[in-house]
Protein chains: 2
Amino acid sequence: MKDDTITLDHGSGGKLSHRLILDTVLPVFDDPALRCLDDGAVLETEGGRIAFSTDTYVVDPLFFPGGNIGDLAVNGTVNDLAMCGAVPLYLSVGMIIEEGFLRRDLDGILETMQRAARAASVRIVTGDTKVVPRGAVDKIFINTAGIGVVPEGVCVSGRNARIGDRVLVSGTLADHGMTILTRREGLRFESSLQSDTAPLNHMVADMLDDCGGDIHALRDPTRGGVGTSLNEIAESSGVTIRIHEDRIPVKRAVAGLCELLGIDPLYVANEGKLVAVVAPEAAFRVLDRMHAHPMGRDARIIGEVTAADIVPVIMTTRIGGTRIVDMPTGEQLPRIC
Amino acid sequence: MKDDTITLDHGSGGKLSHRLILDTVLPVFDDPALRCLDDGAVLETEGGRIAFSTDTYVVDPLFFPGGNIGDLAVNGTVNDLAMCGAVPLYLSVGMIIEEGFLRRDLDGILETMQRAARAASVRIVTGDTKVVPRGAVDKIFINTAGIGVVPEGVCVSGRNARIGDRVLVSGTLADHGMTILTRREGLRFESSLQSDTAPLNHMVADMLDDCGGDIHALRDPTRGGVGTSLNEIAESSGVTIRIHEDRIPVKRAVAGLCELLGIDPLYVANEGKLVAVVAPEAAFRVLDRMHAHPMGRDARIIGEVTAADIVPVIMTTRIGGTRIVDMPTGEQLPRIC
Ligand SMILES: Nc1ncnc2c1ncn2[C@@H]1O[C@H](COP(=O)(O)OP(=O)(O)OP(=O)(O)O)[C@@H](O)[C@H]1O
Ligand SMILES: Nc1ncnc2c1ncn2[C@@H]1O[C@H](COP(=O)(O)OP(=O)(O)OP(=O)(O)O)[C@@H](O)[C@H]1O
Ligand SMILES: [Mg+2]
Ligand SMILES: [Mg+2]
Ligand SMILES: [Mg+2]
Ligand SMILES: [Mg+2]
Ligand SMILES: [Mg+2]
Ligand SMILES: [Mg+2]
């Protein structure tokens, strides 16, 4: 019976989300661009390649340390475009507002969106506003879609990871997800945690500028975290990715809370981080580029790509053991983004 | 106090929607493309002009005579792109699903979307799926965003209506809105009404093909109906539009129900109709083109553009009087689309 309905796990970003897209969406919306399942679609046009992506934001609470639904919605689509190797240019904004929503809060969200758009050098050029009766939506949900241009010579896709490549992350993991968790009703921890929501496009432009052809895959580890992103890349490319637990950057406070709650930071959502799969000879150059950028100060090489093994992602643990990094089945917390 | 919150009227598509966009959204998202307030944004790129548009669909009920939320969502964005004079090419799909939603219904909606995309010759290339806990959204909401290409020589905008131009509608008014109304809980009329949801891009391409430069403004009269669209065009162009009640096409059954309920069909939502403002010498040629197309069989010339008068839109009534066609203040029925 459970198979007859959509469950929260279908929105986790993990295994069941993946299955829903593979089994339900892809066979119907059969399209070569969609089939790549990258962060956005890359489309050939007369004027060159454009990237197109969308996300809807349903985060609860709307306002949280480090940001609100507004910058999350702008940065999220900016980052998905950047993960296609594109320079993000234009955004649309679709809002669904619950009757009775405070104008003050709406103003705050709009201003945050505009500030975020400026920071990412994108323009908000079109939109839509629906208002629904009380109870038909929880406060406000925001969709953004975005268009970017893919520079010539850039060819970034989850299918392009090659044996020998190095795997990099741009900074500490799990900041966004754990921040939201601490802010949820009934879960009020005192903490200094803060969302990492941020635009990654400028850093990605720097990385591509220097090492264009050597950057094979990029992904922003949002819902489902780095564990899920690595699985997606490994599966799409038909390789195995090995990572090393002792190289994975996690802030002390975040690590402590994860430990306390029994949550693996590898599966927690990030909103201002990326995973990069890079040719081995370029790995340190890319790392330097990332370090030079405020959004990549804590970047690390966390692993490498090997021939396809029994499972897509394997981790060497701190104590020297080996652990399978599977896709997460269930959702740790709904409405994380 | 009411000013402190968002009300259903802010989602009506009428006067208060307009004010919300003008007073709250535009000053913050300050952008030349947005400022036109056309159905989508037209953007100059190296490869030519592209159009970009978005809409979110919150219709209740999800399934109704003539369609469901799926074809509404595809046709709606296809039509907004066509109203920019663009050839629609690519769509994104963002779904927000309530936990417990039936897979069967999801499958039905996805299949309808794909069929609608095929019919409109557009590709669904990227998307997003969020699942939220029971009660956080009512069943399913769908956002679509779309990209199209504006052919050279085409210059269509709500600001381009000129004195002497003729005003055309592509068919009967109020079909969609009155159909939804009859299907709402507590309002079960026996009726043969059917939504007019349909893609208009092929008809628009024919119209532009023949009379490109003579088509000055196009708008799809969705929320707020033809009355609102005419006000928007008249205001943007700084003119007055005069229409003639006896030329306005309304199906007999729809007209009857409107009369019974005291609803003016001029303000009821359409999902497969357009308003065109056309140079006088081209009006009959455009009309012929519309008549030749299944979506324009009932097209009519309903009025003309004059110099700016006391009000933006005036109607000559059936009995020869004159009536102001104001923007509607309130919402007749929320969640119409
Ligand atoms: N409703 C849908 N229709 C079409 N494609 C979809 C839909 N939902 C998801 N997809 C596709 O599935 C892939 C995975 O989507 P997903 O939303 O998980 O990626 P993401 O946006 O990078 O992650 P997140 O939403 O957590 O930020 C993408 O290629 C996306 O285009
Ligand atoms: N949240 C928003 N952010 C930016 N622009 C917006 C927003 N909401 C509406 N707009 C802009 O306001 C104008 C009117 O939008 P509206 O949604 O009424 O048009 P439409 O899509 O043609 O109508 P409908 O939504 O009834 O189909 C458009 O130019 C749109 O881009
Ligand atoms: Mg992504
Ligand atoms: Mg995303
Ligand atoms: Mg709209
Ligand atoms: Mg429109
Ligand atoms: Mg629209
Ligand atoms: Mg997504």
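The values are calculated or read from the model by the stated rules, or taken from the named source; none is laboratory data. Since we're looking at a predicted model, the values are computed, not measured. Ideal geometry is used to build each Cβ from the backbone, glycine not excepted, and the neighbour counts take in all protein chains shown. With ligands, DNA and RNA removed, areas are computed over all heavy atoms of the protein, side chains included. Shrake-Rupley method; radii C 1.70, N 1.55, O 1.52, S 1.80 Å.
General observations
- Any hit, segment A:121-144, residues being within 16 Å of ligand 2 (Cβ to nearest atom) and free of Cβ contacts under 8 Å to residues at least 12 places away in the same chain: no
- Residue, nearest to A:PRO133 (Cα to Cα), within segment B:37-54, restricted to residues that are in a loop (DSSP other than H, G, I, E, B) and at the interface with another protein chain (Cβ under 8 Å from one of its Cβ atoms): B:GLY40
- For segment A:22-36, the set of residues classified as in a helix (DSSP H, G or I) and either farther than 13 Å from B:ARG123 by Cβ or assigned by the TED database to the domain that holds A:GLU232 (or both) consists of A:LEU22, A:ASP23, A:THR24, A:VAL25, listed by residue number.
- Test: B:ASP209 is more than 16 Å from ligand 3 (Cβ to nearest atom) and closer than 30 Å to B:LEU257 by Cβ: no
Listed here are the residues, each with its yes/no results for (1) more than 15 Å from ligand 1 (Cβ to nearest atom); (2) more than 10 Å from chain B (Cβ to nearest Cβ); (3) open to solvent by less than 10 Å² (accessible area, probe 1.4 Å).
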site	(1), (2), (3)
A:THR56	no, no, yes
A:PHE63	yes, yes, no
A:ILE69	no, yes, yes
A:ASN75	no, yes, yes
A:GLY85	no, yes, yes
A:GLY94	no, no, yes
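- B:VAL132 surrounded by 22 or more Cβ atoms within 10 Å (Cβ to Cβ), under 26 Å from A:LEU81 (Cα atoms) and facing chain A (nearest Cβ under 9 Å): yes
- Subset of segment B:110-129 that is open to solvent by 20 Å² or more (accessible area, probe 1.4 Å) and of a type outside the set (Ser, Thr, Tyr) - its residue that is farthest from the other protein chains (Cβ to nearest Cβ): B:ALA119
- Of all residues making up segment A:125-158, the number that are under 21 Å from B:ARG223 (Cα atoms) and of a type in the set (A, V, I, L, M): 7
- Every condition in (1) within 20 Å of the chain's Cα centre (by Cα); (2) open to solvent by 10 Å² or more (accessible area, probe 1.4 Å) holds for A:VAL268 except the one numbered (2).
- Considering residues of segment A:1-16 that are facing chain B (nearest Cβ under 7 Å) and crowded, with 17+ Cβ neighbours inside 10 Å only, the residue farthest from the chain's Cα centre (by Cα): A:THR5
- Residues that are outside any loop (DSSP other than H, G, I, E, B) and surrounded by fewer than 22 Cβ atoms within 10 Å (Cβ to Cβ), drawn from segment A:296-314: A:ARG300, A:ILE301, A:GLU304, A:THR306, A:ALA307, A:ILE314
Yes/no matrix, rows are residues, columns are (1) closer than 22 Å to B:ILE50 by Cα; (2) within 16 Å of ligand 6 (Cβ to nearest atom):
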| residue | (1), (2) |
| --- | --- |
| B:ILE140 | no, no |
| B:GLY153 | yes, no |
| B:VAL169 | no, yes |
| B:THR172 | no, no |
| B:ASP175 | no, no |
| B:ILE180 | no, no |
| B:ARG183 | no, no |
| B:ASP206 | yes, no |
| B:THR222 | no, yes |
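- Top-ranked residue of segment A:135-151 - restricted to ones that are part of a loop (DSSP other than H, G, I, E, B) and at the interface with chain B (Cβ under 7 Å from one of its Cβ atoms), ranked as most open to solvent (accessible area, probe 1.4 Å): A:ASP138
- Search result, residues across segment A:312-325 that are within 16 Å of A:VAL239 (Cβ to Cβ) and in contact (Cβ under 8 Å) with a residue 60 or more places away in the chain: A:PRO312, A:VAL313, A:ILE314, A:MET315, A:VAL325
- Breaking point among (1) at negative phi; (2) outside any strand (DSSP E or B); (3) away from ligand 6 (no atom under 15 Å from the Cβ), for B:LEU81: (3)
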